[in-house]
1. Going by accessible area, probe 1.4 Å, with all protein chains left in place, what is the ranking of R198, R182, R155, largest first?
2. Work out the charge dipole of the chain with +1 on the Cβ of Lys and Arg and -1 on the Cβ of Asp and Glu about the Cα centre, then indicate which of T201, F140, G33 is farthest towards its positive end.
3. Quick one: among Y110, Y149, Y31, which has the greatest mean-square fluctuation in a GNM of the chain with alpha-carbon springs under 10 angstrom?
4. Each label point is 7 Å from the Cα along the Cα-to-Cβ direction; what then is the distance between the points at T76 and R98, in nm?
5. Counting only protein heavy atoms and a 1.4 Å probe, tell me what percentage of the chain's accessible area is made up of carbon and sulfur.
6. Just from its helices, what would the mean residue ellipticity at 222 nm be for the chain, if runs of 4 or more DSSP H residues each count -39500 (n - 2.57) and the sum is divided by every residue, rounded to the nearest 500 deg cm²/dmol?
7. How far is helix 172-185 tilted off the main Cα axis of the chain, in degrees rounded to 10, range 0 to 90?
8. How much accessible area per residue does the stretch 24-98 have, in Å², with a 1.4 Å probe?
Amino acid sequence: MRNDDFLQSPLFRSADPEGRAHRLFDYRAPYEGDAWVFGYGSLMWDPGFPHIEAVPARLQGYHRRFCVYSYRYRGTPEKPGLVLGLDRGGACNGIAYRVAASDLADISTYLWHREMGNGVYRAAPRRLRLDGGEIDALCFVANPANPQYAGHLDRLQVAAIVSHAVGGRGACREYLLNTLERLRAMGLRDRSLLAVARLVTALDEGRMAVPALPPAPADPEHF
């Protein structure tokens, strides 16, 4: 089981007082065998867990959006960045990973500490459409009730944050470009992310003024 260096640091580990880290796949019956995980952001280009196969998939009813503040991975407590979440409405193309039943406990723990800090995501099964039919997969959906939810930002504000924020896993713009490159390699376009990328370039070149940004919530010691 692979573990990224950032997961070894207490800086990046989620609190788990109720021992839920190994239970993300508990919605499935024990006899169901292999499971699926949906990647739509960094999980597309850096899943970090073993998988049997990775195939294009489409989730209906949610879209990919920079709507989660990042204080560790792609920003700092003083200058938070943004990472992607699944927000309600539209549809999202990504990657479905099939994972072996024998690996589910380890993968659950890994994903808990990577994705589940402070309840900013809700982990739940959602129906995905594949070329060969439909499956249920574990998805990480943004929680609008969480203080880290940044869905109130407009696209120019998002671009202003993405253009400058840097965290323990690198620059926020690198996160954006890696996601776009993975989608491009799959023959896909995300018009919203491409629009953010164009605005980032415009801000870099001084063709647009940097917008006012609302204060981010207090540092939650994760993400």
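1. R198, R155, R182
2. Of the options given, the answer is T201.
3. Y31
4. 4.5
5. Carbon plus sulfur share of accessible area: 49 percent.
6. -7500 deg cm²/dmol
7. 60
8. 37
The values are calculated or read from the model by the stated rules, or taken from the named source; none is laboratory data. From a predicted model like this one, the values you see are computed outputs, not experimental measurements. Every residue, glycine among them, receives a Cβ derived from its backbone with ideal geometry; neighbour counts consider all protein chains shown. The area values use the complete protein model at the heavy-atom level, side chains included, leaving out ligands, DNA and RNA. Shrake-Rupley method; radii C 1.70, N 1.55, O 1.52, S 1.80 Å.
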